[in-house]
Amino acid sequence: MIPLWTMQWLLSCAGSLAVGLVAWALLRAAVRWWPALRTRRNVWLAAQAVVAAAALLPLVPHPSKLRLAPQIELDVPPLGSHVRNDAPAAGTATPTAATAQSAATQSAASAPAFASARATAAVADAMQAASPSAASALPLLAAGWLFVYAAGLARAVARQWRARRLLRGLIAGAQCLTPDELQAHDGFTAGQRRAIARHRLTVLRTDAAISPMLIGVRRPRLLLPAHLQALDATQQRMIIAHELHHWRAQDPLCLALAAALRTIFWFNPALRWMATHMEWALELQCDQRVLTGRPQHERKQYAASLLQQWTMMTPVGVAAFNGATVAARLRHMQKDGLPTLSAAAVWFTGAALTVVLVAGALLQPALAFSLPSAAVSPPTMPVVAAPVEAWRLPLDKVRVTSFYGVMRSVLPTPHKGIDFAAAKGTPVHAVASGTVIAAGPIAENDGRYGNVVIIDHGAQRSFFAHLDSVSVTAGQHVQAGALIGATGQSGFATGPHLHMEVRQGGRNIDPASMYPTLDAHATQRALKVRRQQLPQKG
């Protein structure tokens, strides 16, 4: 059996990839129109956040009425669960004449609602016709993707681990500068020394041929190469000021978050592209902070020092130049500041990213399923219910997505009830007069039914699961049509729907026996599955 979370993760990865590609296309067009966007780190941070948020959409409940994509209906059991969930034996008293008359009256009164439901469900049924292939292929795709994803994640984590080990090696071989050594160092101003002492920033010196860099996130350490002291004092101060600007702006945190996202979503090229542009923007912003107000000859000195470091560095030290070439940085150094970003560019970019995320939420399909139990009588030997008057349906607008007794590929047991598609918060009504014997969470089936209402109607009991809320209490007498709760996805369910069972004599019976015209409100997929597996029921 395929765990449900693997299918959720498949949808998460697909949504992240789709949103990432759309955001990539929008940002490419935007930076061509407004080149200043390239130099703003917040743009690229926001874009990466949108792609990451898109991966959470299948995991966060939201009303199905806000979705444009059809719901993918699956019957997924909890792993290792073989718990019987038969209800206690119902009473054997027959319905009173008043109860039967009330049920018949409510059934007749609900006929117009059934007719409108049939018209309303026409469009949904057309969309549902394409669902069987998706529902059957999804578990296989999820299993295959889980294997591929695990292999790719292991490779990405190993790459990060090697880089981390290399940095640890640099730190282990470096020497910590004492306050006296900092005081004698030509690259630090008095104000910088005070800030370093106040915030307890550790400054290290290494003999490795690297560029100055900050290592760490929570407590960064400034690593300076020994060859830096070969430059004149002005050049040293500008280079160190560049790194201290990174420190004050908390750029190491931004880079760490981007690295984490690239590792988790290693398959998404859009995130790598966005992270590269963010690193480029961070370097340009620090360059301009260092050079603001400086004369041209100091700008040239700063550029010359970068070129000198580039020629001396080992591959480890290239981290500060990721996403940009030396020539591109030098061209920006000749300018008095970063290009101005217009308000129109800011609003357009923010609105575009918001629209992409909202569209991802609307187009994200939901996995809806109910959890059947192992204690169901075989569909070939159903329990025959005693003749009773037809009940009213529990919802005002009805769409059946799964019938009683059908078998699923993921379970060796048949479905124990009927599933009705319904948005979260849809009112649920009593199907006939009776006494409420349970309302709220129950221990049956390890609590996987969520919020439940069970009503004793005499010979039978009606059972409603996965409710978002209940409006009745145990012991309360209700009439047919009375409000008893609202649909939801409590318990072991990922999509909002109503799971209804009918129990008689301690055993489940087919709820369709109470509703002669139920087929008119069923999806094409539900009818097809029942027709294939239970031909005697048509």
| note | Contact list, first residue from region 179-202 and among the basic types (Lys, Arg), second anywhere and loosely packed, with under 15 Cβ neighbours inside 10 Å, beta-carbon distance below 9 Å, six or more apart or interchain, is ARG193/PRO179; ARG193/GLN183; ARG200/ARG219
| request: Consider only pairs whose beta carbons are under 7 Å apart and that are at least six residues apart or on different chains; among these, list those whose first residue lies in region 460-481 and is among the basic types (Lys, Arg) and whose second residue is part of a strand (DSSP E or B) and modelled with pLDDT under 95. | output: ARG461/ARG503
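Could you identify the single residue in THR206, THR178, THR202 that is surrounded by fewer than 11 Cβ atoms within 10 Å (Cβ to Cβ), modelled with pLDDT of 90 or more and not hydrophobic (A, V, I, L, M, F, W, C)?
Unique residue meeting the criteria: THR178.
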| field | Selection status of ARG84, loosely packed, with under 12 Cβ neighbours inside 10 Å and either at pLDDT below 85 or assigned to a helix (DSSP H, G or I) (or both) | value | yes
| Could you list, in sequence order, the residues of region 396-418 that are at pLDDT 90 or above and assigned to a strand (DSSP E or B)? | VAL400, ILE418
| Can we say ALA474 is part of a loop (DSSP other than H, G, I, E, B), modelled with pLDDT under 90, among the aliphatic types (A, V, I, L, M) and under 38 Å from the mean Cα position of the chain (by Cα)? | no
| remark: When ARG531 is run through (1) in contact (Cβ under 8 Å) with a residue 60 or more places away in the chain; (2) not in a loop (DSSP other than H, G, I, E, B), the failure sits at (1)
| task | Please work out which residue is farthest from the chain's Cα centre (by Cα), limiting yourself to region 176-217 and to residues that are within 19 Å of MET238 (Cβ to Cβ) and assigned to a strand (DSSP E or B). | result | ARG205
| Which residues, taken from region 162-175, are surrounded by 11 or more Cβ atoms within 10 Å (Cβ to Cβ) and hydrophobic (A, V, I, L, M, F, W, C)? | ALA163, LEU166, LEU167, LEU170, ILE171, ALA174
| message | For THR494, only one of the following conditions fails: (1) farther than 30 Å from LEU59 by Cβ; (2) touching a helix residue (DSSP H, G or I) at 6+ places or on another chain (Cβ under 8 Å). What is its number? | response | (1)
| note | Given the conditions (1) surrounded by fewer than 23 Cβ atoms within 10 Å (Cβ to Cβ); (2) in contact with a Gly (Cβ under 9 Å, 6 or more places away or on another chain), every one holds for HIS457 apart from (1)
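The values are calculated or read from the model by the stated rules, or taken from the named source; none is laboratory data. Please read these numbers as outputs of a predicted model, since none were measured by experiment. Positions of Cβ are backbone-derived with ideal geometry, glycine not excepted, and every protein chain shown enters the neighbour counts.
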